[in-house]
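Asker: Before anything else, here's the structure in question.
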Amino acid sequence: MEHMKPLIEALRTKLKQALILWAEGFREACCLHRVIVLCRRSKKLMIRTGQCFLLNGFIFLGSLFVLNSVVIPTLQWILPDHYSQTNCEAMSEFHGVFKFYSFLRGFLIQLFYVFWFYPLYVFSFILSNLWYNDIATHGFAAMGRSGPSTVESSKQNDTLTSDSKVHAARPAGLGGIMIGIGEQVYSLLLLTFFFFEVYAAGFIPYVGKALNFVLLSWMYAYYCFEYKWNLTEWGLEKRLDFFETNWAFFAGFGSPCVLAIFFFSPLVGYGFMAVLFPLFVLTATGTEAEQVISTQRRRFTGAQLGKVPVFYAADTLLIRVLSLFPSESQERAQDNKTL
């Protein structure tokens, strides 16, 4: 047992470090006062955030409230399943009528979904994603006007100097633009495959819900910080490396996002997330993640948390899928062989 004590102590230290970083990420996500500060600095940001709240909070969630509180109870009153004052013989006589009422009520509710909620969901999804980018851009500009972004960028340069040797800078000109577009497309596909992984994890017995919560936390945290990383021109390799190296912090940052939707139905959860997501994007924009993480890591000089390959499964599956589609150079090589 004596030889196991150093191992147990190292595991205990790593667990403590992970919990502290998780708590720091959770705390940073809950710093919603930054939203008020940034909105006061930028009128455009205030307008976009208000539009998001109006569309997703007032119209979308308001429509769900009207459906569940007014429309469905009214239909149940007009087209009831049974009459409380009807005896058993009359109930048997009107069984077919009540069954028709039930079918008609369900049909009318489905019409409400088909012609209002589903089109509104698609419209809200597309428009909100365009607005999120504007919100992140205006928030980033608001940070730059008063100087924090300059301070943050200098801190990032100090902390990430060692990374610059590993992650090569993106070339300037058309080549850099094409690389940037390619990285955005690959990132979109990677997160799509990761979403399927999150969805499938929910069906695992016993641990599915807990695993689903953790994976969702990582996914929303990455979404929140991706806007900032785009604006600071971080390459995809650097983003993934930084995210997977500091997995505990980002799991904590994404937890408040998931808590807001985890216990609701999909439509209600989407409505709440669409309202809250721009707020978390702004808190991520104002978060000096590199400084927070390095400060906490300096407290643990010995054991450091290892890198967790969060996106390994999604990345491997994506590469396998992309390998099924031969590139132009591969097609030319194949043509040359046949010639």
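Asker: Are any of the residues in the range 235-247 modelled with pLDDT under 95 and under 12 Å from the mean Cα position of the chain (by Cα)?
Answerer: Checked against the condition, which is being modelled with pLDDT under 95 and under 12 Å from the mean Cα position of the chain (by Cα), the range 235-247 yields no hits at all.
Asker: Here are Ala210, Ala200, Ala142, Ala169: which of them is of a type outside the set (Ser, Thr, Tyr), part of a loop (DSSP other than H, G, I, E, B) and modelled with pLDDT of 50 or more?
Answerer: Ala169
Asker: If you don't mind, there's one more thing I want to ask. Hey, does the range 145-164 have a residue that's open to solvent by less than 70 Å² (accessible area, probe 1.4 Å) and modelled with pLDDT of 80 or more?
Answerer: The answer is no; no qualifying residue exists.
Asker: Output the residues belonging to the range 264-286 that are aromatic (Phe, Trp, Tyr) and either more than 17 Å from Leu216 (Cα to Cα) or touching a residue at least 40 places away in the same chain (Cβ under 8 Å) (or both).
Answerer: Tyr270, Phe272, Phe277, Phe280 - these are the residues of the range 264-286 that are aromatic (Phe, Trp, Tyr) and either more than 17 Å from Leu216 (Cα to Cα) or touching a residue at least 40 places away in the same chain (Cβ under 8 Å) (or both).
Asker: Whether any residue in the range 282-300 is under 19 Å from Leu191 (Cα atoms) and buried (at least 22 other Cβ atoms within 10 Å of the Cβ) is what I want to check.
Answerer: The answer is yes; a qualifying residue exists.
Asker: While we're on this one: Picking from Val258, Val275, Val268, which residue would you name as being open to solvent by less than 10 Å² (accessible area, probe 1.4 Å) and in contact with a helix residue (DSSP H, G or I) (Cβ under 9 Å, 6 or more places away or on another chain)?
Answerer: Among Val258, Val275, Val268, only Val258 is open to solvent by less than 10 Å² (accessible area, probe 1.4 Å) and in contact with a helix residue (DSSP H, G or I) (Cβ under 9 Å, 6 or more places away or on another chain).
Asker: Residue by residue through the range 248-270, note down the ones that are of a type outside the set (Phe, Trp, Tyr) and either under 13 Å from the mean Cα position of the chain (by Cα) or at pLDDT 90 or above (or both).
Answerer: Residues satisfying the conditions are Ala248, Ala251, Gly252, Gly254, Ser255, Pro256, Cys257, Val258, Leu259, Ala260, Ile261, Gly269.
Asker: For the range 123-133, give me the residue count where each residue is touching a residue at least 12 places away in the same chain (Cβ under 8 Å) and either of a type in the set (Val, Ile, Thr) or open to solvent by less than 50 Å² (accessible area, probe 1.4 Å) (or both).
Answerer: Residues that pass the stated criteria total 5.
Asker: Kindly list the number of the only condition in (1) outside any helix (DSSP H, G or I); (2) touching a Phe, Trp or Tyr at 6+ places or on another chain (Cβ under 6 Å); (3) surrounded by fewer than 17 Cβ atoms within 10 Å (Cβ to Cβ) that fails for Gly306.
Answerer: Going through the list (1) outside any helix (DSSP H, G or I); (2) touching a Phe, Trp or Tyr at 6+ places or on another chain (Cβ under 6 Å); (3) surrounded by fewer than 17 Cβ atoms within 10 Å (Cβ to Cβ), Gly306 breaks only (2).
Asker: Additional query: For the range 196-208, which residues satisfy the criterion of being within 17 Å of Leu259 (Cα to Cα), surrounded by 13 or more Cβ atoms within 10 Å (Cβ to Cβ) and not small (Gly, Ala, Ser)?
Answerer: Selection gives Val198 alone.
Asker: Go through the residues of the range 63-81 one by one and say whether even a single one is more than 38 Å from the chain's Cα centre (by Cα), surrounded by 11 or more Cβ atoms within 10 Å (Cβ to Cβ), of a type in the set (D, E, K, R) and at pLDDT below 90.
Answerer: no
Asker: If a residue has to be in contact with a Phe, Trp or Tyr (Cβ under 9 Å, 6 or more places away or on another chain) and among the hydroxyl-bearing types (Ser, Thr, Tyr) to count, how many in the range 225-272 make the cut?
Answerer: Residues in the range 225-272 being in contact with a Phe, Trp or Tyr (Cβ under 9 Å, 6 or more places away or on another chain) and among the hydroxyl-bearing types (Ser, Thr, Tyr): 4 in total.
The values are calculated or read from the model by the stated rules, or taken from the named source; none is laboratory data. None of the values given here were measured: they were computed from a predicted structure. Every residue, glycine as well, gets a Cβ built from its backbone with ideal geometry; the counts of neighbours run over all protein chains shown. Ligands, DNA and RNA are excluded from the accessible area calculation, which covers all protein heavy atoms including side chains. Shrake-Rupley method; radii C 1.70, N 1.55, O 1.52, S 1.80 Å.
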